[in-house]
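Okay, so here's the structure we're looking at.
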Amino acid sequence: MAVAFGQLCLATVLFWSGLLKLRDVSAFRRHVATTLPRLGGGLSAALALAVPAVEVAAAGLLLIRPWAWLGCAAATLLLLAFTGYLIGLMRSRPDASCGCAGADDTPVSEVHVLRNVLLLTVCVLTWWATVRTGGGPGPVSYAVVVAPAAVFGVGLLHLGELVSFFRPPRTT
């Protein structure tokens, strides 16, 4: 069941993140152009389309039994690249949105990096459990964990917003 949980959690995060970026791709394109100005207009536009496409493709691969390992590898590479981007963004433009769920307005923070470390841990554990078990989970395992994995995944994706919601307001 651990493999099914990890696959569904990661697939939910990647699919939902990609879908939110594609929902308003022009806003995400502006976000990429603003936070990565060295790319220029053409490359930032291409990246704004490529990132959600790769996220959705990796989500799909995670759910196809012979290709699940490739989905884990793609998720790991995406999360490593995005974690580096977040760390760079925290240093250069701490007031900017992370762009995790499209062009939202939640400023980048250590919470986003922590979220990615947790997701990277899920990737590694899922890959390890997949290799260890060999055959992969059956339909019953997926049915049992689909709801908790989806809720956990969406919760992790929006961890920054959840933390800011529960954080007491600053008084100046």
(message) Tally up the residues in region 118-136 that are open to solvent by less than 70 Å² (accessible area, probe 1.4 Å) and part of a helix (DSSP H, G or I), please.
(response) 8
(message) Of the residues L77, L114, only one is within 16 Å of the chain's Cα centre (by Cα), open to solvent by 70 Å² or more (accessible area, probe 1.4 Å), in contact (Cβ under 8 Å) with a residue 40 or more places away in the chain and over 23 Å from R23 (Cα atoms); which?
(response) L114
(message) If I ask for residues that are free of Cβ contacts under 8 Å to residues at least 40 places away in the same chain, in a helix (DSSP H, G or I) and closer than 22 Å to L118 by Cβ, which ones from region 137-172 would you list?
(response) A147, V151, G155, L162, F165, F166
(request) Identify all residues within region 142-171 that are in contact with a Ser or Thr (Cβ under 7 Å, 6 or more places away or on another chain) and either of a type in the set (A, V, I, L, M, F, W, C) or surrounded by 17 or more Cβ atoms within 10 Å (Cβ to Cβ) (or both); write none if there are none. (result) A149, A150, G153, V154, L157, G160
(message) Can you pull out every residue in region 34-66 that is open to solvent by 50 Å² or more (accessible area, probe 1.4 Å), among the charged types (D, E, K, R) and within 28 Å of V3 (Cβ to Cβ)?
(response) R65
(message) Yes or no: region 99-111 includes at least one residue that is free of Cβ contacts under 8 Å to residues at least 60 places away in the same chain, crowded, with 20+ Cβ neighbours inside 10 Å and out of contact with any strand residue (DSSP E or B) (no Cβ under 9 Å at 6 or more places or on another chain).
(response) no
(request) Kindly list the number of the only condition in (1) touching a helix residue (DSSP H, G or I) at 6+ places or on another chain (Cβ under 6 Å); (2) within 28 Å of S141 (Cβ to Cβ) that fails for I64. (result) (1)
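The values are calculated or read from the model by the stated rules, or taken from the named source; none is laboratory data. This is a predicted model, so every value here is computed, not measured. We place every Cβ from the backbone using ideal geometry, glycine too, and count neighbours over all the protein chains shown. With ligands, DNA and RNA removed, areas are computed over all heavy atoms of the protein, side chains included. Shrake-Rupley method; radii C 1.70, N 1.55, O 1.52, S 1.80 Å.
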